[in-house]
Amino acid sequence: MIAAALALLAASAALPTSLPVDAATLAKLPAASATLTAHGQTHACTGVWLTDLAVAAGLPAGEALRGPALTTIIVAEAADGYRVAFSLAELDPKLGNHKVLVANACDGKALSAADGPLRLVVPGEVRAARSVRQIRALRLVALP
């Protein structure tokens, strides 16, 4: 009986399989901005922090981010199949505090079809390899 109750509790605490990236969800979150430097050009971009999006989807943060949750990865998938990963721990303000912006506009304009509808902006990285354009999904993976 106790085992069944624990199994039910674990199932109810299961992580979602992806983060919502629709305009309505993004509009509910606090606006944020970051500078993107890629291919010799610098752009002022706006959107929402990936950590805010993760918390809004019910992922643990701060003191609640511990144990198995520390092996959760967010995989950003682009339209062309390009993928990059971020761990919840590296993103969390109380752990890695690595900022990642989910941008929907740069230089005061909505992203073009070549870059949007969303792109990631990862300020502070030497190469812009994880500043992925044409984001189609933000998938969640819990490592075993």
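The values are calculated or read from the model by the stated rules, or taken from the named source; none is laboratory data. Note that this is a predicted model, so its numbers are computed, not measured. Remember, those area values only see protein heavy atoms, side chains included, never the ligands or the DNA or RNA. Shrake-Rupley method; radii C 1.70, N 1.55, O 1.52, S 1.80 Å.
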**Prompt:** So how long is each side of segment 73-121 along the principal axes, counting just the alpha-carbon atoms, biggest first, in Å?
**Reply:** 34, 26, 8
**Overall Cα dimensions of the chain - principal axes, largest extent first, Å** = 60, 29, 28
**Length gained when the stretch residue 139-residue 95 is fully extended (0.36 nm per residue, less Cα-Cα span)** = 13.7 nm
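Solvent-accessible area per residue for segment 81-123 at a 1.4 Å probe radius, Å²?
For segment 81-123, the solvent-accessible area averages 48 Å² per residue.
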**Request:** Calculate what fraction, in whole %, of the accessible area of segment 29-144 sits on carbon and sulfur atoms when a 1.4 Å probe is rolled over the protein chains.
**Result:** 55 percent
**Fill in**
Sorted by accessible surface (1.4 Å probe, heavy atoms of the protein chains only), largest first, 126, 48 come out as 126, 48
**Item:** Relative contact order of segment 10-120, defined on C-alpha pairs under 8 angstrom at six or more residues apart (%)
**Value:** 24 percent
**Fill in**
Restricting to lysines and to Cα separations under 28 Å from residue 109, and discarding same-chain partners fewer than 8 apart, the set is 28, 99
**Prompt:** So what is the diffusion coefficient of segment 54-101 in µm² per second by Stokes-Einstein at 10 °C and 1.306 mPa s, using a Kirkwood Rh over Cα pairs?
**Reply:** 139 µm²/s
**Asked** Taking only DSSP H segments of four or more residues, each worth -39500 (n - 2.57), what value at 222 nm results for the chain once the sum is divided by all its residues, to the nearest 500 deg cm²/dmol?
**Response** -4500 deg cm²/dmol
**Prompt:** For 92, 107, what's the largest-to-smallest order of accessible area, 1.4 Å probe?
**Reply:** 107, 92
**Item:** Amide proton proximity set for residue 84, modelled H, under 5 Å, gap of 5+
**Value:** 76
**Request:** With a 1.4 Å probe and every protein chain left in place, work out the accessible area per residue of segment 9-58 in Å², rounded to a whole number.
**Result:** 58 Å²
**Fill in**
Karplus-derived 3J(HN,Hα) from phi for segment 122-127 (6.51 cos²θ - 1.76 cosθ + 1.60, θ = phi - 60°), whole Hz, x at Gly and Pro, runs 10, x, x, 7, 5, 10
**Prompt:** Each residue of segment 132-141 in turn: what ³J(HN,Hα) in whole Hz from Karplus with 6.51, -1.76, 1.60 and θ = phi - 60°, glycine and Pro shown as x?
**Reply:** 6, 9, 6, 5, 10, 7, 10, 8, 10, 10
